[in-house]
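Encoded as structure tokens, the structure appears first; notes follow it.
Derivation of every value follows stated rules applied to the coordinates shown; laboratory data play no part. Keep in mind it's a predicted model, so treat the numbers as computed, not measured. No Cβ is skipped: glycine too gets one built from the backbone with ideal geometry, and neighbour counts run over all protein chains shown.
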Amino acid sequence: MNICPRIEVDSNKLRHNTEIIVGLCKKNNIQSAAVTKVFCGIPEIAEAIVQGGVNMLADSRIDNLKKLAHLKIPKLLLRLPMQSRIAEVVKYADISLNSEIATIEKISKEAVRQNKVHNIILMIDLGDLREGVWESDAVGTAGEILKLDGINLMGIGTNLTCYGGVIPSKENLGLLSEVATRIEKEFEIKLEIISGGNSSSIYLLQREEMPEKINHLRPGEAIVLGTESAYGEIIKDTYQDVFTFVGEIIELKEKQSIPIGKIGVDAFGNKPTFVDRGVRKRAIIAVGRQDVQVEHLKPIDENMMILGASSDHCIIDITDADKDYAVGDEIRFGVDYGALLQLMTSEYIHKVTK
Ligand SMILES: *Cc1c(COP(=O)(O)O)cnc(C)c1O
């Protein structure tokens, strides 16, 4: 019997999704850095992605890149480096996204010490208001970076649709291209990478509206869930069920819909409300809010309904389910990005790669 609760990863479907996204990128002369953070950089999962033909692997956490050190493919650190961890950044990342010259100076010293050249992609904030220098400061900062030893200014990049929800467009990515040209002219160099964002930029490829100079993307969600994140649409020919969550029934009983007694607050201090559907068949699954926000799980059997959860228990109405269940049976769920992130991060969830 397989152990529950677990998340199953279908590596064939994952490789397939990767091939589709890589293909879309290649058609537009774009390199792809597959983002591994949502699954905490688990090596077996990353390997399926490497087989799908990506150009590099990318993660926001240096701890995850460490787990991938044995894979012979360039590694990109997505989150701006912490000064307290520069030695690891230089050791485990070939490339990092940066916006602070003080940090890049520290990387420069460490790269020289480790006898390495570390590649920098300078982040430009195009309005999403997360990381990046302002567009008007880009040329000045590039000039500072170019003076440093042990550092290669590999390119520039931007991140959108994360904090501010700003959607990538011909206009804002056009501005990124323009900034690249400004830097190239000013210093008479060629930037190797113009990195035009994450899974929210994929729709521009589908519409053939990606500015020509953009030659690099950093898709995560598009590969693992087969969805683009500007409009939440499914990407053609991809699977949405690479990952499946499986929980086990630990109690199965018929109970009424409304609790008995004076109702105060639930385990989290919220006052619950209930709909009276009469007596229902209710399954308790051994998983809870310590592992996942259960609202982000979707039973594969659409006739089931998640009623609620406490820290360790999730209650599901299975009265109308397609088949008869018994205690000890498994129930399967689809996941969205939020659920996947939490389940992968929970040490209580077993991760099974098939
Ligand atoms: C998380 C992240 C990505 C990947 O985002 P998706 O929406 O999963 O494609 C790309 N770039 C940066 C800088 C990130 O932090």
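Return the single residue from LYS236, LYS298, LYS262 with maximal mean-square fluctuation; model: Gaussian network over the chain, springs between Cα atoms under 10 Å.
So, out of LYS236, LYS298, LYS262, the one fluctuating most is LYS262.
Where a ≥ b ≥ c are the square roots of the eigenvalues of the C-alpha gyration tensor, would you call region 11-224 rounded, which needs a/c under 1.5, or, failing that, prolate if a/b is larger than b/c, or oblate?
oblate
Provide the packing ranking of 40-48, 250-258, i.e. peptides ordered by the mean count of other C-beta atoms within 10 Å per residue, highest first.
Result, highest mean first: 40-48, 250-258.
Relative contact order of region 243-353, please, whole-number percent, based on alpha carbon pairs below 8 angstrom and at least 6 residues apart.
33 percent
Measuring from label point to label point, each 7 Å out along Cα→Cβ, what is the PHE187 to ASP241 span in nm?
It is 5.0 nm.
Can you classify region 25-135 as rounded, prolate or oblate using the Cα gyration tensor, where a ≥ b ≥ c are the square roots of its eigenvalues, rounded means a/c under 1.5, and otherwise it's prolate if a/b beats b/c and oblate if not?
oblate
Find out how many positive minus negative residues lie around THR103, taking Lys and Arg as positive, Asp and Glu as negative, among other residues whose Cβ is under 14 Å from that of THR103.
Once all neighbours under 14 Å are counted, the net charge is -2.
List the pairs from LYS323/LYS354; LYS27/LYS354; LYS72/LYS190; LYS13/LYS236; LYS91/LYS147 whose alpha-carbon separation is above 20 Å, in the order I gave them.
Among LYS323/LYS354; LYS27/LYS354; LYS72/LYS190; LYS13/LYS236; LYS91/LYS147, the Cα-Cα distance tops 20 Å for LYS323/LYS354; LYS27/LYS354; LYS72/LYS190; LYS91/LYS147.
Mind pulling the angle between the C-alpha long axis of helix 11-27 and the longest principal axis of the chain? Nearest 10 degrees, somewhere in 0 to 90.
In the chain, helix 11-27 runs at an angle near 40 degrees to the longest axis.
Please work out the FRET efficiency for the pair THR353 and ALA286, using the Cβ-Cβ distance as r and a Förster radius of 22 Å; give the result to the nearest 0.05.
Once rounded, the FRET efficiency stands at 0.50.
Taking every DSSP beta bridge that has both residues in the chain, what percent is antiparallel when rounded to the nearest 5?
Of the beta bridges lying entirely in the chain, close to 50 percent run antiparallel.
Rounded, prolate or oblate: which fits region 243-353 when a ≥ b ≥ c are the square roots of the eigenvalues of the alpha-carbon gyration tensor, with rounded for a/c under 1.5 and prolate only if a/b beats b/c?
Oblate.
If packing is taken as the average count of other Cβ atoms within 10 Å, what order do 69-82, 210-223, 150-163 fall into, highest mean first? It would help to have the intermediate numbers written out before the result.
Working: 69-82: 17.0, 210-223: 23.3, 150-163: 21.7.
In descending order of packing, they fall as 210-223, 150-163, 69-82.
Using the Cβ atoms and a cut-off under 11 Å, what net charge is assigned to the surroundings of ASN64, where Lys and Arg are +1 and Asp and Glu are -1?
After counting each charged neighbour, the total is +4.
Between LYS323 and GLU302, what is the label-point separation in nm under the 7 Å Cα-to-beta-carbon projection?
1.9 nm
Go ahead and run the numbers for FRET between GLU209 and LYS262, Cβ-Cβ distance against an R0 of 51 Å, rounding to 0.05. Present the calculation step by step, with values, prior to reporting the outcome.
Working: r = 59 Å, r/R0 = 1.16.
That gives a FRET efficiency of 0.30.
Can you quote the Å³ per residue value for the convex hull of the Cα atoms in region 1-73, rounded to an integer? Could the numbers behind the result be given before it?
Details: hull volume 7.3 nm³, N = 73.
So the per-residue Cα hull volume is 100 Å³.
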